[in-house]
Amino acid sequence: MTQILDGKAMSRQILDGLKNEVASYRQKGFRAPGLATILLGNDPASAVYVRNKRKRADDVGIKSFKYDLPTQTTQLELLTLIEELNNQGEVDGILVQLPLPAHIDTSLVIYAVNPDKDVDGFHPENIGKLSLGHPRFLPCTPKGCMYLIQASKSKLLGAHAVIVGRSIIVGKPMAYMMLNTDATVTICHSNTRNLREHTRQADILITATGIPHLIGEGDVKEGVVIIDVGINKLEDGTLVGDVDFDAVKNKAAAITPVPGGVGPMTISMLLENTVAAYRHHLS
Ligand code: NAD
């Protein structure tokens, strides 16, 4: 019987836990945790993501510091705001919604965030710590994938994890996380020859490509655990992952649905990182 890894339910549980933890700090007279969210420009998808993050933060008792900046905001103005937030005692986490408009150097912005408040986990210091095996903040989406893999109860030590996609926000940090749990890791990408040869070897398959139904029944082996990060909108408006869920479902030991798998975990991981930063800043 295939286990469906329900990210929605797991995310709800994590958010409840965070809410209780924040409430108990507040009862003891501590300030609320603070999360600054910066949205620059008017990309509709980014606006929805930021709105959801702010709403969930409110639900958990995290104070939101909201910055909605016009598209023409200069790089200097953005960097100046980040510097102010780096020094603001009530702000534990800073999130700059990506992608940024072309006139802004995204790397400079990521580098500008105080690594102690980098709850997205993208600062090179935090990626470096992760790669060395002693992470501080884990990037949210792959961190959510780790929770889902753990829920599958599959053995990680020595397991062959195949990751399809090597982006900075998903594939690469995912590879470090799997290595840190003693899995054997293969990373595939758009120039990988004969993708299937690799994916068929996976005990754990994580895909983050943005290509609907890239992975079909013949691309996986019996008993695989599948984590599908892809979110793809078909012409008829249906949301699907990178994996042909119906075709592979019966072959997999465990699989995430799209929607309702990895997606809901990402926000709860952001808030988990924010509460971790808060705990650290209080101590
Ligand atoms: P990206 O475009 O930065 O990276 C895509 C990766 O896929 C690249 O490394 C590329 O080499 C690889 N790739 C492309 N075609 C391939 C092919 N035919 N074979 C093998 N590899 C191939 O994308 P991203 O930001 O990592 O996002 C990937 C997907 O995950 C998107 O659908 C995105 O919407 C989704 N996503 C979901 C969440 C979430 O919260 N669930 C978060 C981030 C991204």
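Centroid-to-centroid, using Cα positions, the range 129-165 and the range 230-261 are 20 Å apart. For the listed peptides 27-39, 117-129, a ranking on the average number of other beta carbons within 10 Å per residue, highest first, reads 117-129, 27-39.
Whole Å is fine, so just give me how far the alpha carbon centre of the range 1-55 lies from that of the range 167-218. The range 1-55 and the range 167-218 have Cα centres spaced 27 Å from each other. The slack between LYS249 and LYS153, meaning 0.36 nm per residue of separation minus the straight C-alpha distance, is 32.8 nm. Multiplying the residue separation of LYS19 and ASP68 by 0.36 nm and subtracting their alpha-carbon distance yields 15.1 nm. Across the chain, Cα pairs under 8 Å and at least six residues apart give a relative contact order of 22 percent.
In a simple Cβ point-charge model (Lys, Arg +1; Asp, Glu -1; nothing else charged), the chain has a dipole of about 660 debye relative to its Cα centre. Dimensions of the range 29-114 from C-alpha coordinates, computed as largest minus smallest value along each principal axis and given longest first, are 43, 28, 17 Å. Spin-label pair ARG193-LEU76: with each label point 7 Å from Cα along the Cα-Cβ axis, the two points sit 5.2 nm from one another. Protection proxy ranking of 7-14, 250-257, by the mean of other Cβ atoms within 10 Å over each peptide's residues and highest first, is 250-257, 7-14.
Pop the C-beta distance of THR106 and ASP6 into the FRET formula with R0 = 22 Å and round what comes out to the nearest 0.05. Between THR106 and ASP6 the formula returns 0.10. Sorting ASP228, ASP236 by the number of Cβ atoms found within 10 Å of their own Cβ, with the fewest placed first, yields ASP236, ASP228. Rounded to the nearest 500, the helix-only mean residue ellipticity at 222 nm of the chain stands at -13000 deg cm²/dmol, with each DSSP H run of n ≥ 4 adding -39,500 (n - 2.57). Here is the tail figure for the range 136-283: Cα pairs spaced more than 23 Å apart come to 32 percent of all pairs. Here the range 173-283 is treated with +1 on each Lys and Arg Cβ and -1 on each Asp and Glu Cβ, and its dipole about the Cα centre works out to around 240 debye.
Since only GLY133, THR73, HIS189 are under comparison, the one whose Cα sits farthest along the positive direction of the charge dipole of the chain, derived from C-beta charges on Lys, Arg, Asp and Glu, is GLY133.
When the Gaussian network model of the chain links Cα atoms closer than 10 Å, the mean-square fluctuations of GLU77, GLU90, GLU235 top out at GLU235. All other residues whose Cβ lies under 11 angstrom from that of LYS129 are scored, Lys and Arg at +1 and Asp and Glu at -1, for a net of -1. Among the GluC sites (Glu not before Pro) in the range 159-229, those located in a DSSP loop and surrounded by at most 11 other Cβ atoms within 10 Å of their own Cβ are GLU222.
Other residues with beta-carbon under 14 Å from the beta-carbon of TYR25 carry, at +1 per Lys or Arg and -1 per Asp or Glu, a net charge of +3. Convert 25 °C to kelvin, take the viscosity as 0.890 mPa s, use the Kirkwood radius over C-alpha pairs of the chain as Rh, and evaluate the Stokes-Einstein diffusion coefficient in µm²/s, rounded to a whole number. The calculation lands on 125 µm²/s.
Relative contact order of the range 187-283, taken over Cα pairs closer than 8 Å and 6 or more residues apart, is 24 percent. With point charges of +1 on the Cβ of Lys and Arg and -1 on the Cβ of Asp and Glu, referenced to the Cα centre of the chain, which listed residue (MET178, GLY210, LEU85) lies farthest in the positive direction of the dipole? The residue sitting farthest along the positive end of the dipole is MET178.
Note on HIS160, HIS189: ascending count of other Cβ atoms within 10 Å places them as HIS189, HIS160, the fewest first.
Bear in mind that the values in this text are calculations on the coordinates, not laboratory data. Here the structure is a predicted model, which means the values were calculated and not measured. Note that each Cβ is placed from the backbone with ideal geometry, even for glycine, and that neighbours are counted across all protein chains shown.
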